Structures are given as C-alpha cells and as structure tokens.
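First the structure, in the form of structure tokens, and then the observations on it.
The values are calculated or read from the model by the stated rules, or taken from the named source; none is laboratory data. These numbers were taken from a predicted model, which means no experiment stands behind them. All Cβ positions, glycine included, derive from the backbone under ideal geometry; neighbour counts span all protein chains shown. Please note that ligands, DNA and RNA were not included when accessible areas were found on the heavy atoms of the full protein model with its side chains. Shrake-Rupley method; radii C 1.70, N 1.55, O 1.52, S 1.80 Å.
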Amino acid sequence: MNQRLQWNAAWRERTWSELQQEWDVIIIGGGITGAGLLREATRSGLNALLLEARDFAWGTSSRSSKLVHGGLRYLAQGQVRVTYDSVVEREQLLNEAPGLVGPLGFLIGLPQGKPLKRWVYQAGLLAYDALARRSEAHYLSLPNLRLLAPYLDETKLAAGLRYSDAQTDDARLVLRILREAAAAGASLLNYAAVTQLVREAEQVVGVVVRDQLSEREQTLKAKAIINATGVWVDQLRQQIQAPAKMRPLRGSHLVFAHAELPLAQAINLEHPRDRRPVFFVPWEGVSIVGTTDLDHEPDLWQEPSISPAEVAYLLEAVQTAFPSLGLDLTHVISTWSGVRPVVDTGASDPSKESRDYVLWQEQGLLTVTGGKLTTFRLIALEALKLLRQRLPQIKLWPHAPRLNPAPADLAGNLASQIKQRLLGRYAAEAPAMLQTLPAHEFAAIEGLPSLWAEMRWAARYEAVTNLGDLLLRRSRLGMLLPNGAAAYQAQIQAICTEELGWDAQRWANEWQQYQQLIAQHYGLPSEAR
C-alpha cells in the first residue's frame with residue numbers, strides 16, 4: 001500500500017519532521033473547501049500542505065444535511081449561478097463516485113387552496129431539470145403521491161411533485177479527496193492548529209503551527225497562504241486587522257430509525273409554522289429530519305448542539321407530516337448540528353443570505369469561504385486562479401475528473417451493493433481492504449450499510465486520534481445508533497486495542513469522554529427531554 005496513505009503515528013511523526021521546507025502553498029482548514037484546494041493545488045504541480053486544527057471534516061463538512069444538490073430553494077431566490085454551478089457539479093459527482101454520491105428521489109407536497117404554488121414549483125423544477133439537461137420532474141396526483149409516501153398526511157395536500165437530486169456521506173467525501181491528494185504527493189496533518197500568521201513587510205508569508213497532541217510548535221513559510229477555515233475565517237483575518245464578515249448560521253437535525261419513520265425517498269414539505277422547507281431524508285439506514293437556519297451565538301470552538309427550540313420545531317414538522325406514526329422524543333436516535341459559513345449581508349431572515357462562495361485577498365492572505373458542499377472543485381479552481389501572480393507555474397485542469405476513477409469491480413463474493421459502497425468510499429484502496437482485512441468484517445452492522453471492515457481500516461490508516469474521529473467522521477455509527485453505538489462497546493474496543501494500541505486505561509478514558517460528547521452534543525438537550 002502507498003506509504004503516503006498509511007496515516008498512523010509514524011506518518012504523523014514523519015510529516016512533522018518534514019514541515020521545515022519551502023512550501024508553494026499552505027492551506028489552513030481541513031473541510032471540503034480545504035480538501036478541494038489541496039487536491040487541485042497538487043494536480044497543478046504545487047508543493048502543498050494542509051493544516052487542520054481539529055480533525056478532518058470536524059466542522060460543517062461532517063454536519064450537513066448530506067445533500068449533493070443544486071439548491072432548488074436558491075433558484076427560487078434568484079441565485080441562478082449558484083444553482084447552475086451546483087447542478088453541473090452534482091451530475092459530475094454522480095457519474096464519478098457511485099457508491100459515495102448517489103441519486104435521491106425527492107417528493108414535494110403541494111398544499112390545498114394554493115394553485116399558484118403548484119405552477120411556481122413546476123416552473124422551478126422545469127428550470128432545475130433544464131440546467132442538468134435532464135427531464136425527470138413530474139406531477140403526482142394524490143393517489144400516486146400516496147403510493148410513494150404512504151405514511152404522509154395528505155389531508156391538507158392537493159397533489160405532489162417528484163424530482164431528482166443526490167446525497168453523500170459528507171465526511172467520507174472529504175476523506176476521499178484528501179487521500180487522493182496525498183496519493184498524488186500532497187502533505188497534510190490533522191490536530192495541527194495555526195496559531196499565528198507570520199508577516200513580513202505587511203504581507204502574510206507563513207504560519208506558526210502547534211501540534212494539538214504534543215504542544216510542539218513550528219514556524220513555516222510559503223509563497224501563498226490560503227485561509228479555508230469556513231465559519232472560522234474571521235478569527236485568522238482579525239490578525240491582519242480585517243473586518244469581520246461572517247454570519248454563522250446553525251442547522252440542526254433529528255435522526256429516527258428507518259423502521260419508525262419509513263422513507264423510500266426524500267420528502268420536501270413546508271413547516272406548518274413558518275412555511276420554511278423541511279427535508280425528510282433516508283440516509284445510511286436511518287431517516288433524517290432537518291434543517292433549521294438560525295444565527296449561532298455560542299463560541300465557534302465548542303461543539304454545536306441542537307437547542308430545545310429547534311427540537312420542538314423539527315418534531316412539530318414530523319408530527320404534522322406523519323401523525324399516524326405517533327413519533328415523539330422517545331423515538332429520536334440522535335441529533336447533530338452544523339454551523340454554516342455564510343457571509344453577512346445584513347438580511348433580516350437568515351435563510352435569505354446568499355450561499356455563494358467568496359474570495360478575499362488581504363495583505364497576502366487569500367481567504368476562501370461560503371459556497372456549498374457540491375461546488376468544492378469550482379471554488380478551488382477560482383482560488384488558484386488568483387494565486388497565479390505569485391505562483392505563475394500553476395496549471396489548472398478544469399476538465400479533469402473531480403475524483404480519481406475507481407476500479408471497475410472487486411474480486412470476491414461480496415454483494416454488489418457492498419462492492420459499490422467500498423469502491424465509492426475507498427476507490428483505489430478498496431482492493432487492498434479486501435486483501436488485508438478479515439472476510440467476516442465485511443458484514444453490515446445491525447442492518448445498517450456500515451461495515452466493521454470500514455472501522456478497522458479507519459483505525460489502521462486514517463489518522464484516528466480519538467473515538468470521536470472514529471465513530472462520528474470515519475464511520476458514522478455514533479449518529480446512526482442509539483447512545484452513540486454503546487451497544488457495540490466491546491467490538492469497538494477490540495478494534496481500537498488491536499489497531500491503535502490503546503490499553504485498558506486509555507480505552508476507559510476515551511469511552512468516558514466520547515459518551516460525554518454524545519450526551520452533550522449529539523443527543524437531546526436536557527430541557528427537551
């Protein structure tokens with residue numbers, strides 16, 4: 001296996017020992033934007049380094065609604081370019097990453113007594129399909145809507161519409177991009193916090209980076225520094241006295257077992273209170289309900305959490321849409337919240353803020369923020385264009401694939417859906433997984449599509465430093481099973497002992513901290529309970 005992809009303790013030490021060199025570009029931030037930048041910078045021939053203060057995809061990029069979509073709502077707001085770019089990128093990702101990015105059917109319920117709304121939606125969907133050069137959206141009579149969503153309360157609905165979008169595992173998408181960048185020669189570190197920008201003649205020329213695990217520090221120089229820290233960009237920008245521009249917006253979700261909230265496809269309905277769209281989405285064997293859109297006031301360095309008001313808001317949407325299922329708080333498996341990096345334009349309604357990306361060049365620091373999960377590659381290409389004055393050797397490849405081609409198939413007797421999952425998430429690494437991991441670990445966990453082999457591979461090769469890394473981002477069991485997958489404590493401990501070398505005391509500490517994390521930030525707040 002490629003040594004550059006064996007992200008373990010030896011990899012971390014080796015990478016730290018190699019930091020003292022002249023970098024072409026240092027990228028700060030290990031979410032989807034930073035990952036896309038690292039991949040394209042490496043493809044462009046640059047000597048590139050990515051530094052992430054916490055874990056890869058720790059922030060917004062593991063806490064989204066898991067949709068790879070063009071943004072039908074943004075089209076309605078007149079953000080045509082955002083929607084067009086997103087639709088084109090969605091289609092490319094669907095073609096390049098089956099098993100990681102997959103099609104998702106969407107239903108829209110049309111309320112009674114509002115015929116104009118039907119025509120507005122239909123016109124929007126026609127435009128949406130036209131941007132993707134497809135023709136899939138269609139009208140559903142009430143009986144046909146009932147067939148596709150049998151538990152949906154239709155008493156206040158006149159009919160429905162159906163259209164297509166896509167979804168992904170956002171954290172795994174980030175990991176695949178990062179690992180393909182590393183395989184191509186990029187360097188990267190998680191738990192490596194940039195504490196200070198280094199300036200010469202009022203220009204940013206480097207960074208001071210601190211190892212969050214050992215507290216060692218190094219000063220690094222580069223021809224270009226990119227601030228891709230998402231909602232945190234102002235915290236670096238303030239070091240060069242740049243005015244704050246971000247408006248952190250929180251989006252929260254409830255998770256139900258698929259058996260309790262059965263969804264064959266996603267459903268888009270208006271919330272009964274404020275008419276905002278609420279999504280009911282099948283994902284990874286569970287059903288997600290979201291999202292909210294609120295100004296986020298707490299410290300950005302704290303894990304975001306759902307508020308009691310958000311719980312009540314989302315549960316009201318569930319109970320209104322599916323009253324026959326009798327769902328209440330006791331049926332909630334988990335929650336999660338993410339903070340969106342949105343530029344503050346002064347809109348009174350957070351939902352009216354633009355989701356487009358922005359680029360700012362300030363005293364040698366290039367800041368990249370905003371945008372959507374779907375458009376990570378377009379954002380990276382636009383950012384690199386701005387660096388050509390300092391790095392004229394940059395050669396962009398706008399027609400290259402977003403992701404490297406995966407093998408056509410895998411040997412063995414695995415079910416086809418498992419093979420596609422492995423090829424989508426691990427691509428060129430999938431054959432090595434089959435050759436080196438125990439065959440019985442390619443079994444699904446409690447009816448979910450997740451595999452034990454994925455957890456072992458992550459612990460062995462994917463820079464796991466704590467249980468949150470393993471169970472919330474490399475695998476998603478902490479979100480998909482009750483109490484953060486506590487029922488599987490023994491099996492998880494065995495993998496961590498064998499692959500990470502944790503002794504009994506280390507495991508006890510990790511498990512205690514992880515359970516506190518789950519209770520405080522991925523469960524229901526005590527006021528809601």
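Considering every Cα-Cα pair within the chain, what fraction, in whole percent, is farther apart than 43 Å? The calculated P(r) of the chain puts 15 percent of pairs beyond 43 Å. This model, with +1 at the C-beta of Lys and Arg and -1 at the C-beta of Asp and Glu, gives region 356-453 a dipole about its Cα centre of some 420 debye.
Classify region 349-398 as rounded, prolate or oblate, taking a ≥ b ≥ c as the square roots of the eigenvalues of its Cα gyration tensor: rounded when a/c is under 1.5, otherwise prolate if a/b is larger than b/c and oblate if not. In terms of gyration-tensor shape, oblate.
Region 93-157 and region 426-466 have their alpha-carbon centroids 35 Å apart. Think of the chain as having a plus end and a minus end, set by charges on the Cβ of Lys, Arg, Asp and Glu; of Ala182, Thr195, Tyr514, Ala182 sits farthest toward the positive end of this dipole. Heavy-atom accessible area with a 1.4 Å probe sorts His440, His138, His399, His521, largest first, into His399, His440, His138, His521. Bridging of Lys223 to lysines at a Cα separation below 28 Å is possible for Lys245, Lys372, Lys385, Lys395, once same-chain residues fewer than 8 apart are set aside. Over region 401-512, all Cα pairs binned in 5 Å intervals from 0 give whole-percent P(r) values of 2, 11, 23, 23, 19, 12, 6, 3, 1, 0, listed from short to long. Here the chain is scanned for chymotrypsin sites (Phe, Trp or Tyr not before Pro) in DSSP loops (not H, G, I, E, B) that have at most 16 other Cβ atoms within 10 Å, and the longest stretch holding none of them is 302-529.
Candidates Gln92, Ser62, Pro103 compared by Cα position along the dipole of region 56-111: farthest toward the positive end lies Ser62, with charges placed on Cβ.
By a straight-distance test (C-alpha under 14 Å), which aspartates and glutamates pair with Lys221 as possible cross-link partners, with residues fewer than eight away in the same chain excluded? Candidates past the 8-residue exclusion: Glu18, Glu22, Asp24, Glu200.
Relative to the longest principal axis of the Cα atoms of the chain, the long axis of helix 489-500 makes an angle of roughly 30 degrees.
Rounded to the nearest 20 debye, the dipole size of the chain about its Cα centre is 1280 debye, using +1 on the Cβ of Lys and Arg and -1 on the Cβ of Asp and Glu. For Lys114, a cut-off of 30 angstrom between C-alpha atoms picks up these lysines, skipping any fewer than 8 places away in its own chain: Lys156, Lys352. What's the longest uninterrupted piece of the chain once you rule out the GluC sites (Glu not before Pro) that are loop residues per DSSP with at most 15 other Cβ within 10 Å? Between the exposed loop sites, the longest stretch runs 216-445.
The fraction of accessible area contributed by carbon and sulfur in the chain is 52 percent, rounded to a whole number (1.4 Å probe; ligands and nucleic acids excluded). About the centre of its Cα atoms, region 90-156 shows a dipole size close to 280 debye [charges on the beta carbon of Lys, Arg (+1) and Asp, Glu (-1) only; nearest 20 debye].
A 1.4 Å probe run over the chain, with the rest of the protein chains in place, finds 39 Å² accessible per residue. Classified by the C-alpha gyration tensor, region 28-187 has a prolate form. Its axis ratio a/c, with a ≥ b ≥ c, is 1.5 or above, and a/b is larger than b/c.
Placing Val204, Val80 in order of accessible area, with the largest value first and a 1.4 Å probe, yields Val80, Val204.
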